[in-house]
Amino acid sequence: MISVCLVDDQNLVRQGIRSLLDLAGDIRVVAECADGAQAVQTIPQIRPDVVLLDLRMPNMSGLEVLQALGGRNELPPTIILTTFDDDQLVLSGLKAGARGYLLKDVSLDQLVEAVRTVAAGGSLVAPMVTQRLLAGVGRIQNQFSSLEQPDPLTERETEILRLLSGGYSNKEIANSLRVAEGTVKNHVSNILSKLGVRDRTRAVLKALELGIV
C-alpha cells in the first residue's frame, strides 16, 4: 500500500484528489494539510511514501516546504500540483527536490500512474513537461549557481541521461540496454558527479538547460 499526504489550501482540490486515489486499491491517503506550515510539521511525523504538494499556499508556500524538508533530509518523493500559470515556480520546485508535477485537473489514470512511478523511485520530469514549460527553462531567473559546461559525458552516459529524462527507472534502462542494473547505477552516479547535481531530477533539468538532451 502506497501512503500519500495531500498538501493544498483548497478543500475542494483535496477532496477531488482523495476521491480519485480512493479508486486505486494500492494507494491510501494518510494525511491532509491545508498549508505549508502544517505540512512541515506533519510530513516528518507520518513519513508518507509520496507527497502531493500545491505550490501556492498562504503562510508558507510549497516551495518553502520543499526547501525546509529538503534541508533537513526529510523530504519524501514529492509531486507538485500546479496550473499552467506556474511555469517558473514549477521549475524552482523541481530544482528544490520535487520529482515531477501534475496539473490539478489530472485524470485518474495519470494521477495513479504518477504516484506509483514516484513511489517506485522514478520521476515525472520529461513525460509530464509541456512545451511551454520547456520553453521557460531558458528564461527562468533563478538559474543554477553554475552553468559552466560540465566534464564531458561519454556516449553511454549521454544515452542513459536521455533515458533518465524519459522517466525510466534503473531497471528499465538496464533492460533496454541489456546491461546489469548495477552498471546503470554506476553510470548514473558518474552522470550526477559530472553535472554537479545530487539527484536524477536535477540532472535532467541541468541537461536541458545545457542542451545536452
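The values are calculated or read from the model by the stated rules, or taken from the named source; none is laboratory data. Being a predicted model, the structure only gives us computed values, none of them experimental. Every residue, glycine as well, gets a Cβ built from its backbone with ideal geometry; the counts of neighbours run over all protein chains shown. Keep in mind that these areas ignore ligands, DNA and RNA; they rest on the heavy atoms of the full protein, side chains included. Shrake-Rupley method; radii C 1.70, N 1.55, O 1.52, S 1.80 Å.
Working note: Karplus 6.51/-1.76/1.60 with θ = phi - 60° gives region 197-208 the couplings 10, 10, 8, 5, 4, 5, 4, 5, 4, 5, 4, 5 Hz, where Gly and Pro are set to x.
Cross-link reach is defined here as a Cα-Cα straight distance under 28 Å, omitting same-chain residues fewer than 8 places apart; for residue 104 the lysines meeting it are 95, 206.
Given the Cα-Cα distance of residue 72 and residue 183 and 0.36 nm per residue of separation, how much length would full extension add, in nm?
Taking 0.36 nm per residue and subtracting the Cα distance, the gain is 36.9 nm.
Taking Cα atoms only, the orientation of helix 11-21 departs from the longest principal axis of the chain by about 60 degrees. For region 44-61, backbone nitrogen atoms closer than 17 Å to the point 7 Å from residue 1 Cα along Cα-to-C-beta are found at 46-51.
In Å², what does the accessible area per residue of the chain work out to with a 1.4 Å probe? Display every interim value, and only then the final one.
Working: 10360 Å² over 213 residues.
Result: 49 Å² per residue.
Could you compute the FRET efficiency for residue 108 and residue 162, with r as their C-beta to C-beta distance and R0 at 30 Å, rounded to 0.05?
Numbers: r = 30 Å, r/R0 = 0.99.
Computed FRET efficiency for residue 108 and residue 162 comes out at 0.50.
Expressed as a whole percent, the accessible surface of region 63-109 that belongs to carbon and sulfur atoms is 48, based on a 1.4 Å probe. Summarising the overall dimensions of the chain from its C-alpha atoms, the Rg and Dmax are 17.0, 50 angstrom.
Look at the alpha carbon pairs under 8 Å that are at least 6 residues apart: their mean separation over the length of region 1-70 gives a relative contact order of 40 percent.
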